[in-house]
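Student: Shown below is the structure under consideration.
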Amino acid sequence: MNEYDSNRIYDLASTIGFNKTNTKQDADCFVLNTCHIREKATEKVYHEIGRLKKYFKNLKKPLIIVSGCVAQAESQEMIKREPYIDMIVGPQSYHKIGDMILNHQRKKIKLNETDFDVINKFDKLENIYNSQNKISSYLTIQEGCDKFCNFCVVPYTRGPEYSRPYRQIINEANQLVQNGVREIILLGQNVNAYNFKENNKNYALSSLIRELNKIKNLKRIRYMTSHPKDMTNDLINCYGDCEKLMPFLHLPIQSGSDKMLKLMNRKHNKKYYLSVIEKLKSINKDIKFSSDFIIGYPEETEQDFQDTIELIEKIGFFNSYSFIFSPRPGTPAAKKKFNNLEENKKRLKKIQSTLENFQKKNNEKYFNKFCEVLIENKLDKQEKYFGRTKFMTPVKFHSNNCKPGELVNVKITSFNQNGLFGVYQNNKVEAA
Ligand code: SF4
């Protein structure tokens, strides 16, 4: 989501005459767009500002703006601790960035905007041209979260769930496709909770997918990140008849133990999660899954950990993210006693090797076969291209006859755990 926000911040700043520079020394304004989910996020911001301070020591001081969730969570403290910062702007107030810059230039005062002003934000963004033209681009449809998982800071930094107006999203999607975008990844902290009401009609994520599925020249649709509780039947059914919706779903579970899911306040159990997976497989037999896992959450026992391994083996996730629990200030889990770090490291290693084995086995299945790739870019000074399969697996391949944005069939000649390698054999896929 920060990538989407960063692009939109740039679009907003360009309306008051700012342009991207090629080198650091040419810049007179830096926006550090931060993510509070990252470990030691705050310290990383201070380090980056420290580097900028050094760099501009004998030059004119640039304008320094900190935006994003760290800015939201620690606004006052940041301005106090680091006088080099000129402006703080939260993730729901960044539409004001142009006026704030102009205000700062006039009055030379420190500014701090961290209101949850999400409705006005998207109303303003609706009228600002989205310059994004990467083949695969993000599009935010929903923000915030009402789920309050005990480990997560999102409900405090992004605020309550908000769904953007349906028409605004369709218009922005059309604009992106006109710019050359061929894959849209719909974004939300809780994307499948999307729910917009207008004129007695309810629009869900499934309504958006069905409408996007009709856009000529759009080739692929994805969405992230989903909560199992919001995998409704109408959304599941899209995997049966929306050919542009990719059969790959990132569906975080966090743990395979019901006890841990309850302690985390995840609002679902393992049986429910498995029932969602089964429904999806019955609608689309090709669908694959990835997930997130937290290791060493307070009170996790060896048995809880084994339950997680068992779940991974049962589902055979395509690829997944796993982390040792680290407390986020202000969340209920931060007040709990943590597990032994050495034990957690061992568990992380075990879980990662289990996940990596699945990833490798999945990649091996492509060996000597053709697979469909959406080309994202040409590699610098090489007759090679980079793209992704339907399941997001990266592919590098040789060709002297391809263009970014094309869907092609690539013959896979080798693989490793992280990706596939191959050659293009004059076998383009018909545009949908
Ligand atoms: S559902 Fe996701 S975003 Fe919401 S609180 Fe839980 S982990 Fe955070």
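Every read-out reported here was derived from the displayed coordinates using simple, explicitly stated rules and does not represent laboratory data. Quick caveat: nothing in here was measured; it's all calculated off a predicted structure. Here the Cβ is made from the backbone with ideal geometry for all residues, glycine too, and neighbour counts use every protein chain on show.
Student: Taking 0.36 nm per intervening residue step and subtracting the Cα-Cα distance, what contour gain separates TYR4 from ASN377 on full extension?
Tutor: Working it through step by step, the gained length comes to 132.4 nm.
Student: Along the charge dipole of the chain, which of LEU102, MET246, ILE375 sits closest to the positive end, that is, farthest toward it, with unit charges on the beta carbon of Lys, Arg, Asp and Glu (+1, +1, -1, -1)?
Tutor: Selected residue: ILE375.
Student: Roughly how big is the stretch 1-151's charge dipole about its Cα centre, with Cβ charges of +1 (Lys, Arg) and -1 (Asp, Glu), in debye to the nearest 20?
Tutor: Roughly 820 debye for the stretch 1-151.
Student: Sticking with this one: Taking only the alpha carbons of the stretch 44-167, what extent do you get along each of the three principal axes, in Å, biggest first?
Tutor: 49, 37, 32
Student: Looking only at Cα atoms, what is the convex hull volume of the stretch 313-373 per residue, in Å³?
Tutor: Values: hull volume 8.1 nm³, N = 61.
So the per-residue Cα hull volume is 132 Å³.
Student: Test of understanding: in a Gaussian network model of the chain with alpha carbons linked when under 10 Å, which of LEU102, LEU218, LEU245 would top the mean-square fluctuation ranking?
Tutor: LEU102
Student: Which aspartates and glutamates have a Cα lying under 18 Å from the Cα of LYS361, excluding residues fewer than 8 positions away in the same chain?
Tutor: LYS361 reaches ASP286, GLU310, GLU313.
Student: At what distance in nm do the modelled label points of PHE148 and ASN237 sit from each other, each positioned 7 Å from its Cα along Cα→Cβ?
Tutor: Result: 3.3 nm between the two label points.
Student: Near the amide H of LEU245, under 5 Å away, which other amide H atoms are found, from residues 5 or more places off or on another chain, if H is placed in the peptide plane?
Tutor: So LEU245 has HN proximity to ILE221.
Student: In debye to the nearest 20, how big a dipole does the stretch 146-210 give about its Cα centre with +1 on each Lys and Arg Cβ and -1 on each Asp and Glu Cβ?
Tutor: Numbers: 8 positive and 5 negative charges, 25 e Å.
For the stretch 146-210, the charge dipole is close to 120 debye.
Student: For the stretch 97-171, what are the per-bin percents of Cα-Cα distances with bins 5 Å wide, up to the bin holding the maximum?
Tutor: All Cα pairs, binned at 5 Å, distribute as 3, 11, 17, 17, 18, 17, 11, 5, 1 percent.
Student: Report the calculated FRET efficiency for LEU63 and LYS216 (r = Cβ-Cβ distance, R0 = 45 Å), to the nearest 0.05. Please list the in-between numbers first.
Tutor: Numbers: r = 42 Å, r/R0 = 0.93.
Efficiency, rounded to the nearest 0.05: 0.60.
Student: Taking 0.36 nm per intervening residue step and subtracting the Cα-Cα distance, what contour gain separates LYS201 from GLU364 on full extension?
Tutor: Extending this stretch completely gives an extra 54.0 nm.
Student: On to the next question. Could you list, in their original order, any pairs among LYS259/LYS336; LYS281/LYS403; LYS360/LYS411; LYS24/LYS53; LYS214/LYS288; LYS288/LYS384 whose Cα atoms are separated by more than 22 Å?
Tutor: In this structure, LYS281/LYS403; LYS214/LYS288; LYS288/LYS384 lie more than 22 Å apart at Cα.
Student: Give the Rg (one decimal place) followed by the Dmax (whole number) of the chain, computed from C-alpha coordinates and expressed in Å.
Tutor: Reported Rg and Dmax, both Å: 22.7, 65.
Student: Report the calculated FRET efficiency for ASN418 and SER353 (r = Cβ-Cβ distance, R0 = 22 Å), to the nearest 0.05.
Tutor: 0.95
Student: Please get the size of the charge dipole for the chain, origin at its Cα centre, with Cβ charges of +1 on Lys and Arg and -1 on Asp and Glu, quoted in debye to the nearest 20.
Tutor: That gives a dipole near 700 debye.
Student: Expected output is a single nm value to one decimal: the length gained when fully extending between LYS110 and TYR46, i.e. 0.36 nm times separation in residues minus the C-alpha distance. What is it? Write out the running numbers ahead of the final one.
Tutor: Values: separation 64, 0.36 × 64 = 23.04 nm, distance 1.72 nm.
Taking LYS110 through TYR46 to full extension adds about 21.3 nm, to one decimal.
Student: In sequence order, what are the phi-derived ³J(HN,Hα) couplings for the stretch 63-72 according to the Karplus relation 6.51 cos²θ - 1.76 cosθ + 1.60 with θ = phi - 60°, rounded to whole Hz, with x for glycine and proline?
Tutor: Computed from phi, the couplings for the stretch 63-72 are 6, 10, 10, 10, 10, x, 6, 5, 4, 5 Hz.
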